[in-house]
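Only one structure is covered here, and it is reproduced in the block below.
The values are calculated or read from the model by the stated rules, or taken from the named source; none is laboratory data. As the structure is a computational prediction, the values presented were derived from the model and not from experiment. Glycine also receives a Cβ, built like all others from the backbone with ideal geometry; neighbour counts cover every protein chain displayed. Remember, those area values only see protein heavy atoms, side chains included, never the ligands or the DNA or RNA. Shrake-Rupley method; radii C 1.70, N 1.55, O 1.52, S 1.80 Å.
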Amino acid sequence: MTFESSGRSSAGGVLVDLLPAFRWGDPRRLAELLADPRLPARWWTDTPLADAVATATPDTVARLSTHALRVLWPHLTLRSAMPHLPFCPEGQERDLNTTVEEAIAEVPTAGDDERLAVLVHAQLRPFLVGGRNLAAPDGEVRPGTPGTGLAALVEQLLRALPQDTPSDLQQAVRALLDWTSTPPVTPEPAQDGAAEAEPVRTDLDTVPASEPPVAENTAVLPESTAPGAEPELLKNPLQALAALVDSWNERERAIAGARMFSSTRVPLDVLGERFDVTKERIRQVQLTAERTLRSWLDSAAGAPMADHLRAVTRLLGPVSSVRRLEDVHHRHPDAVPGLDVPLWQVIACVLPEHRWQGRWLVPADGLDACQGRTRSALAERLAGGPLRWAEVPEVLAEVGVDGSDAEAWLEDLGGFRIVEDHLLLWGRNVNERAEAILALAGEPLSSDELNLRLADGTSPSSLRNQLQSDPRFLRTDRDRYGLRRWGGTEYLGIREMIVRELEAAGGEARSEDIVAALCGRFDVSEKSIQVYLSGVAFERHRRGWVRLAATESASDDYQPQRDISRTRRCFWTDKTWVYRIDITREHTRGSGFPVPAGFAAHLGLSPGGKVELTHQAGTVTVSWANQPLFGSLRPLLLQLEAVEGDHVFLAVRDGLLKALRIAREPESALQPAERALRLMGLSGQAPLPSDLGQRIGLKGAVTMEQVLAHLQIRGDKDILGLLTSETDTAAGAEGSTVAGTEPDGTPQQEAEVRTDPAWAQEIIPLLDPRTETAHLELARALASHGKAAPVFGYELEEGGWPADFAWIGPDIKVAVLADQHDVTTHEEAERREAAYRDAGWTAHSAGVWLERLDELTAALPDAAPQT
């Protein structure tokens, strides 16, 4: 069990009473920030503050508290973070509407935590005395004059009174201060021969003198005629039970403690070996002890215990934590002599209307049934949106859970989270959790804001993919997402928004009007819009005006620039094409992922479209906004038992998605050719080149050189590297064909290379041969290879990161970035490259592309024929 103080200190209150934000914070995060080896777990909610101060010193408590505030709630005002601060002199001297972060910045010479620690320290004054040092064996009480804490509170109250407070009220507070400041009077000893007054006896007088007195703040009701008092709780249950236990012999006591009064029973055979008897004999002893206990509870001797059980049942209600049972009476934590178990544990096992399961006492139908009722009640209330935390106890009361147990009950229940003083339905996947966060916010949030509030390790790029592929969400700006049910205009990207503006204007509009409209509504730059307006999708038919470029009527089937036979990771089987995904942690977490345009077109998708596929574990949506995106395949992967490192091949026919898993193997266990075949969904001995060619879309008899060349065009670098290493070791083998010849040995005819005139007219002349040598060399090489000219001077939407060259289309995103020395810092260069990578681009500097020229030329489109 976690070490906790067995009773409350006379100085009541816990840390969450002073700093209420801690009550609603993530318990795991708070446990990291507030950890101290001298203090119990969750001390900020369970341990009296006077005990915490006496154990770990006021400075430690103040330092830990302010550190947690600074890390988790820098945005809170001092008034919200420390509602008791106005009653301290230090608080009356400050502007309480400043935030925690602003308060730290006001004192630049102090450490971050020290700047706020003085304010928390001021609120600890009433708790500086009377606390017990939990780390000391005897729980020594911190020295101090009794009543000092109360006097400090009254003194603060007097200081906080406004000047216009009525004089009689001021006099009353001063009189109270005088009374609390008066030292206690020690009674004079009785004179010789004087008769001492007969003390008034109560039931508690039967407690031996060695037992500690009842603490003032325990849940034990004082001997009083006050309404709601439970006289049965004033009786001594431990003393009554001890009489019964003493009547048992050593074996009976051992078996009772191990089998009757424990949440996990010791097996019969274990006890049989211990006492050298059979299991049946142990069972008989247990049954006899149980009958004895029931008879004793019905007798006059057991009446105090039976009355106590009834009182405890009334106080706990239908559902209670074990902690509440421990705290309800000051003797409950004490061990029962002879049983070596605490009294509360015996009571938990014999309460007539409760079952003890884990850390809970629940009705007879069990914990699962009670949690099921809770989920149903909360789901019904949460159907209308997030639930204010103040309303949660009312809902939990319907299933019998006390408000003091609310947070712990929900923590064990799972599926819910407390965020910003509200209870949210916390789903199993990131989409459901993001929906709950947005419902609480009530307005669109950026992906960074959502990611910060989710705090579940999801990468920003994965989160954006998930949001853009889920119909529940609406992208309202370049990087802002809301709920579709709120309505509003959907942001589809700059090109699509330009098309919308032109359609709204009747087909043509002034370019400056389009720029003003889009910049006014969305977080996009004028330069980015101008780059798109200068693209081939739009044309200027008169000065300053733009319209959609004339295009041929679209066919029913979208045709990408690269068909599926030239698409990376796509392989032909006997019946259809399959696409390979290499399983990563993001896949198993439920993140969506992009797929090539060639495979998306094979599914019947085109830009702006969406299709829903059915698989054996449910459905998945594939959508195409800026790029084709698959939704989460987590249910399917779980059914396949796929783990990180596996290969899963996806095939789609007639709207049905089928998947084949090939488990990962250690690289050392396979030859390069075998690893290459596994990446193609094949196994066994290396097939003929024609078989490999058919797998990647080549027809007829082909050579290994042709297979390797086609793999390079497709971009299958992993397979190409493995097969090349095998081919190199078998150089000169029969059947190989000399490069530059046809399969029959005749010389190949060189294809005529078309050159895009834009290279010579618009790009190469603008490059500086002194400072842009790599760009100039790359431009000339690409022009000589007959590649289409790029957009010259491009700006990425997400963050406005610039690129010198960019090729952008429905199925291509390739960029040439400025060299690192042209960027301010190395960190800035890394952020720029990460932004392009997260947006689905293949982007490198000109120098890197020159080293990978073959890869670049294979990825770029050819120049269009000139008319």
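Annotation: amide H-H contacts under 5 Å for residue 319 (H modelled 1.01 Å from N, sequence separation of 5 or more, or interchain): 402. For region 621-667, trypsin sites (Lys or Arg not before Pro) are listed when DSSP marks them as loop and at most 16 other Cβ atoms sit within 10 Å of their Cβ; the list is 664.
Looking at region 559-661, the GluC sites (Glu not before Pro) that sit in a DSSP loop and have at most 14 other Cβ atoms within 10 Å of their own Cβ are 641, 644. Proximity of backbone amide H atoms, modeled 1.01 Å from N, is registered between residue 508 and no other residue at under 5 Å, excluding neighbours fewer than 5 places apart on the same chain. Is region 454-603 rounded, prolate or oblate when judged by the Cα gyration tensor, a ≥ b ≥ c being the square roots of its eigenvalues, rounded requiring a/c under 1.5 and prolate requiring a/b larger than b/c? Taking the square roots of the gyration eigenvalues as a ≥ b ≥ c, region 454-603 is oblate.
Amide H contacts for residue 423 (H built 1.01 Å from N in the peptide plane; partners 5 or more residues away or on another chain; cut-off under 5 Å): 387, 388, 389. With all protein chains kept in place, the per residue accessible area of region 470-525 amounts to 47 square angstrom at a probe of 1.4 angstrom. Heavy-atom surface analysis with a 1.4 Å probe gives region 464-584 a carbon and sulfur content of 45 percent of its accessible area.
Here's the picture: charge each Lys and Arg Cβ at +1 and each Asp and Glu Cβ at -1 in region 377-491, and of 442, 413, 382 the one pushed furthest to the positive end of that dipole is 442.
For residue 121, the solvent-accessible surface with a 1.4 Å probe is about 60 Å², rounded to the nearest 10.
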